[in-house]
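The values are calculated or read from the model by the stated rules, or taken from the named source; none is laboratory data. Remember, predicted model here, so these are calculated numbers, not experimental data. Cβ sites come from the backbone with ideal geometry, for glycine too, and all protein chains shown count toward neighbours. Ligands, DNA and RNA are stripped out before the accessible areas are found, and what is left, the full protein with its side chains, is counted by its heavy atoms. Shrake-Rupley method; radii C 1.70, N 1.55, O 1.52, S 1.80 Å.
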Amino acid sequence: MYRLQNINTDVFLKEYWQKKPLLIRQGLTDFEDPIDEHELAGLTEEDSVDSRIVSNHNGKWTVAHGPYDDINSHCLGQWSLLVQSVDHYVPAADSLMNTFDFIPVWRMDDLMVSYSNAGAGVGPHLDQYDVFIIQGKGSRRWQVGLPDQYEAVRPHCDLSQITGFTPVIDEVLNPGDIIYIPANHPHNGVALEPCMNYSVGFRAPSQQEMLSSFADYAIDNNLLSKRFKDRALSPRKFSGEIKQQEVAQFKALLAETLQGEAFEKWLPIFLSDNKKAGDESNQQIEEFSEQAMMEMLQNGEYFYRAPGIKPLFVEPGNSDKHGEDNFTFYILGEAYSGPIESAELVKNFLSKPFITEEFLADHGGQHPEFAPLLTLLVNKGHWYIGE
């Protein structure tokens, strides 16, 4: 287990989150890498793993995407191996992600892990999302600047860089050090020796992503059937003219859908969906009975939330009429419901990376409704039994 230190999270959220960068010395003391470079390279053999090698050899930038038949043939000059969503495949990497749970889980995207040789980096660039970068073994020099108008440079079709910037942070990070970089802040990291880095990226859906997903949901559920009406239509001088009042009516027609109950049902489905984690969960798994589940709990077995699984639930509104009988939560775009009486228990369960028998004891002992829920989630592959 990793434990975040040397940071006041309340102060961080108030003064730094999405505002300015921050260096956190020894944010994770006595840091141990959850994966080494050989295991990282092994992941790139899988078709489902998103990986790339960025190299600068004799002044020429290249990008090679995995999987690789011969990974060494791409490791030329100064190079970095970058692998996305390592938290979906390595439980210890998922545990590293959980260190930052003071930020809502639906905001989290994935853990990108990189291994670089001395002198390697991907060049100065901007990201459209916030990121915590944890220094693993080795050391890297990080320079971070402030938002401005920077000229884009594309030394390779798959590599976007910017022109030089003035750093406000220019520091060398050692194992356990963390740097927070808000979205659209220029930054550049250069390895001073062979090193590992762990980038906790955060999800920032664009309007296009959201509207596209909501439109699909609305069409699938036949929610867009209401038509435009203009009963107060009056003669006009030009037949091709669209009146401002009509523009407002069209806006209101669409806004009605976004402001309605359908949007509230769609949002947690959208935010909880995770195709990569879903692919992992859909692998063949052993099924257990409720009785077996309870016996394993009583025997001290640990039940872990599967890597990449991010359960979500919506805070009830003042006019919420659906929260009186059931508590609903979402995993991978699928809704699960239970009696409202067990809501507090389930919320605590969903928020923990693992539970044992002590969890139930801390919440008043046995709960009849908990066994079927835990059984369902284990048999779905969303939780698993471990030591």
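Sort out which residues of segment 315-350 are modelled with pLDDT of 90 or more and part of a loop (DSSP other than H, G, I, E, B), and write them in order of number.
Within segment 315-350, Leu332, Gly333 meet the criteria.
Mind counting the residues in segment 343-387 that are in contact with a Phe, Trp or Tyr (Cβ under 6 Å, 6 or more places away or on another chain) and of a type in the set (D, E, K, R)?
So the answer is 0.
Are any residues in segment 332-353 under 25 Å from the mean Cα position of the chain (by Cα), over 19 Å from Ala306 (Cβ atoms) and surrounded by 15 or more Cβ atoms within 10 Å (Cβ to Cβ), and if so, which ones?
Result: Ala343, Leu345.
Name every residue in segment 354-381 that is within 22 Å of the chain's Cα centre (by Cα), outside any helix (DSSP H, G or I) and over 15 Å from Tyr302 (Cβ atoms), in order of residue number.
The answer is Gly381, and nothing else.
Starting from residues that are polar (S, T, N, Q) and at pLDDT 90 or above, keep the ones in segment 235-258 and report whichever is farthest from Val314 (Cα to Cα).
Looking at residues that are polar (S, T, N, Q) and at pLDDT 90 or above, I get Ser239.
Against the condition crowded, with 18+ Cβ neighbours inside 10 Å and either part of a strand (DSSP E or B) or modelled with pLDDT of 95 or more (or both), how does Leu146 come out, does it pass?
no
Just checking, how many residues over segment 108-143 are under 14 Å from the mean Cα position of the chain (by Cα) and open to solvent by 20 Å² or more (accessible area, probe 1.4 Å)?
The qualifying residues number 4.
Wholly within segment 167-284, which helices (runs of 4 or more DSSP H) include no fewer than the required count, namely at least 1 residues that are farther than 30 Å from Met97 by Cα?
In segment 167-284, 207-220, 244-258, 261-272 are the helices (runs of 4 or more DSSP H) which contain 1 or more residues that are farther than 30 Å from Met97 by Cα.
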